[in-house]
Amino acid sequence: MDAVYQLLDSLLNVLTALLDVVMAVVNIVLPWSPLLIWMAFWSLAVNWSRAFDILRKGGFIGVLLMMFVSVLVWGAVAPPIEGSHSLLGLTVSNYAGKFIYVTMLTCIALLCGSAQMSGAFGSLVDFSDEPASDDADAHAHH
């Protein structure tokens, strides 16, 4: 009977240790979850073969305007508590810091698109069942 109690105590210790490991991983990953979700969205949910075509035809101007507006709104709505941002040891103003953040997020999104276009995700990203919408066909039916 003593061996059964020792076995149960050992199993309880293993489960406690596993819970500690899971909690440590959650504490490490949780602060980075918004960025991980951002990267997962732009990597797996966007059809970059169509998006790059749109960007090449002038859609980058809309992206630049959205970046500019988001910097202005974010800078006005949420100024830093200290009055400036500290980025890599540099002290930058509110709007310059927001510009750096928005530019970094945009570059990450474009890098995720480049990774998707390179085939790095393999069969995770398959947009072949989407109907092909050709602009010439769409205008011909009007």
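None of the figures in this text is laboratory data; all of them are computed from the coordinates on show. Not measured: the values here are computed from a predicted model. FYI the Cβ positions are ideal-geometry reconstructions off the backbone, even for glycines, and counts take in every protein chain you see.
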Please list, in order, the residues from segment 33-58 whose amide nitrogen is less than 20 Å from a point placed 7 Å along the Cα→Cβ vector of residue 111. 33-49, 52
Hull-based mean projected area of the chain, where the convex hull spans the alpha carbons, in square nanometres: 16.6
Obtain the nm distance between the two label points defined at residue 63 and residue 124 by a simple spin-label model: each point lies 7 Å from its Cα along the Cα-to-C-beta direction. 2.0
For the chain, the longest principal axis of the Cα atoms and the Cα long axis of helix 33-44 enclose an angle in degrees, to the nearest 10, of 50
Using the alpha carbons of segment 19-84, what is the convex hull volume per residue in cubic angstrom, as a whole number? 131
Gaussian network model of the chain, Cα within-10 Å springs - most flexible of 35, 88, 105: 88
Pop out the ³J(HN,Hα) list for segment 69-78 in order, Karplus 6.51 cos²θ - 1.76 cosθ + 1.60 with θ = phi - 60°, rounded to Hz; leave Gly and Pro as x. 5, 5, 5, 5, 5, 4, x, 6, 7, 10
Distance in nm between pseudo-label sites at residue 96 and residue 26 (7 Å out along the Cβ direction from Cα): 4.1
